[in-house]
Each structure stands twice: as structure tokens, then as C-alpha cells.
Amino acid sequence: MTLLLLLQQSLALPIVNGNIEEGFPTVLALGADFNGNTFSACTGNLITPRIILTAAHCGGNLPLELVISAGSAFVATDVQDYEYALGFEDYTIHPEYRELGTNGPYDTGEYDVSLLLLAEEAPIAPTLFRSSLISEEDEGIPLKAVGFGITSSNANDSGIKRSADVILSSVTSMFVEVDNNDNEDSANICSGDSGGPTFYFDEEREQYVQLAVHSWGDQTCLMQSGSTRTDIISEWIYDYIEEVHGTRDICEVHGYYNDGECTILPDCLQEDPECIVEEEVKGACSNTPIDMLVMWFIGALALLPFQKKQKT
């Protein structure tokens, strides 16, 4: 626990010993563009077409009006060459958010999460977040940490999307924790990765699902990090989703019900119309091959006595 004395939250936590990531388009750089000078302060993940999940401390003490008027979310691998810049309409912090260190040097804070509302829908499909219980049974599973942070505590290379394969070391009542020693090349998050997602690959959903939000790490980025669990904040997220989109059904919000494909997910609150097979109306005609074969067979049987009589 002595490492907690070194805990530091930074507007700049990046991926240490990771790789440049050209995938995961929902992972966005949060920052601003001042006359062509673009910078990234934090990371966020798109969880609906208009809502970004990020860390509460990313807003710092900035006035809400300034975050909305000057801030942007960048769809990019490198913020200096971004594909889209998306503006904000609203920003809300979890009502139980408590900053790291408020109760002493060993305090890692609570509910370090916030939601950014985009002024318009993003041109990319959002990802799902985990609402089912995260427990000690999940310890040891492989995770994917993604962010726009620096690559070491003394580096100045934030603004490039990187990812690292890490292991879920431990689960607490508030965080999923990752120890560098458990990972290949001692990978972990660092400054500038704050607010970014930790994903796991969900076999049932056959896709990467977010299960935590990067919250804190040690000052050297070489020992341990903690990310706020999405399961403990899921009801708060769904309340905001309903306020924005008019429904708590994430499958409806993501457009799964009208995409021409049958989607069966535990997240859906109703059956996808594409999965419903209408029952054949009784007495109706059918031209299926099986029905035609049955009719041919019955007709052939009816002719058998007649054919036998002809032979006699």
C-alpha cells in the first residue's frame, strides 16, 4: 500500500509499453483546438451515439461553460491529424464523485466518472459497457487498455492513441486494478489516459465491452493503476441515457433493432424484430420445396392402384 503515497491523477494519464492503436474508433481524445493547435488532455469512450464516458477529474476545476464552448472530442489515431472534431452540449459529473487524496495519502477517491453529451451524433458506432457484476472471479482475465496518454512519467508524447494488453490483477469495491508486474513489458496506463476505457472481450456478445474507466495510477506509471468499475455506475449511466435518448434500452439506442440483422444480447430489453419468425397461417398455400414434395408423394400413391389394375 506504500505505493499509494505516490498516486497522482493527471489531466495528461498515457499507455506505458503499449502499441500505437489504429482500431477502437470509439476511444476519443478529449481536448481542444486553438487556431490549429490541437492538444489532448484526457481520453473518453463513446457509449451511445451522443454520450462519452470519461473521468470526472478530467474536467478539473474548469467551468462547465468553458468545457462545453472550448472543448472537443477528436476521432483520431493522432490528434494532430484528426478525422472528426465533435463539440459538446452538456457535461455531468457523478453526484458521489470524491477526488483522490481528500481523505489522506492512501485515499484513491470514489466515483471518478463523468458523461459528456455531444452536440450531434458521432459518425461511428458506439460500444457497450458492462452492467453485470464485476467480482473477484474476473481477476486474471485479459484486458485491453486504450488511451491518448504519455508513454512514461517524464515523456511529452500524449495525443497518440495507444493500447496495451494487461491483466486484471484485483477487484475492489470501486476499482479494477492492474499491476505492472502482471503484464508483459510491464504495460499499464499513464498520464493522459485518464478517462479512457478498459475493455475485455465478451465471448457472448462477440465484441469488446468496456468494464472500467481509467482513474488513477502511481506517479511513475511503473507500479499500479485503478479504473472505476462500470457495473457500480451503470444505473446512473442508464438514467442519463434515458434523459438523452428517451429509453433505457441500449440496443434501441445503438440501432440494433433496425439494422437488418437478428441481435440477441442480454443488454436488450425487447426482442429484436429481425429475430421474430412469423408463423405460417393455417390453410394458406405454400410453395416450399418440402410441401411440394409431400404433395407429389401423395399424388404418386393415389396413382398406384390404378397402375396395378392396368397390368392385370
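Just so you know, all these numbers are worked out from the coordinates, no wet-lab data involved. Here the structure is a predicted model, which is why all the values come from computation and not from measurement. Note: ideal-geometry Cβ built from the backbone for every residue, glycine included; neighbour counts use all protein chains shown.
Along segment 111-121, what does the Karplus equation 6.51 cos²θ - 1.76 cosθ + 1.60 (θ = phi - 60°) give for ³J(HN,Hα), rounded to whole Hz, x for Gly and Pro?
6, 7, 9, 8, 10, 10, 9, 6, 5, 8, 5
Please list 3J(HN,Hα) in residue order for segment 193-198, calculated via the Karplus relation 6.51 cos²θ - 1.76 cosθ + 1.60 where θ = phi - 60°; whole Hz, with x for glycine and proline.
The phi angles translate into 7, 3, x, x, x, 10 Hz.
Pulled fully out, how much extra length does the chain show between ASP165 and GLU139, if you take 0.36 nm times their separation in residues and subtract their Cα-Cα distance?
Extra length available between ASP165 and GLU139 comes to 7.9 nm.
Could you compute the FRET efficiency for ALA70 and VAL277, with r as their C-beta to C-beta distance and R0 at 45 Å, rounded to 0.05?
Here the calculated transfer efficiency is 0.30.
What spacing in nm lies between the two simple spin-label points modelled at ILE124 and ARG248, each 7 Å away from Cα in the Cβ direction?
Calculated label separation equals 2.9 nm.
Assuming a ≥ b ≥ c are the square roots of the Cα gyration tensor eigenvalues, decide whether segment 31-91 counts as rounded (a/c under 1.5), prolate (otherwise, with a/b larger than b/c) or oblate.
The shape class here is oblate.
Is segment 2-254 rounded, prolate or oblate when judged by the Cα gyration tensor, a ≥ b ≥ c being the square roots of its eigenvalues, rounded requiring a/c under 1.5 and prolate requiring a/b larger than b/c?
rounded
Near the amide H of GLU21, under 5 Å away, which other amide H atoms are found, from residues 5 or more places off or on another chain, if H is placed in the peptide plane?
HN-HN under 5 Å from GLU21: LYS161, ARG162, SER163.
Give a quick list of GluC sites (Glu not before Pro) in segment 204-257 that DSSP marks as loop, anything other than H, G, I, E or B, with at most 14 other Cβ atoms within 10 Å.
Hits after loop and neighbour filter: GLU204, GLU206.
Simple spin-label model, 7 Å along Cα-to-Cβ: PHE34 to GLN270 in nm?
Distance between the two pseudo-spin positions: 4.8 nm.
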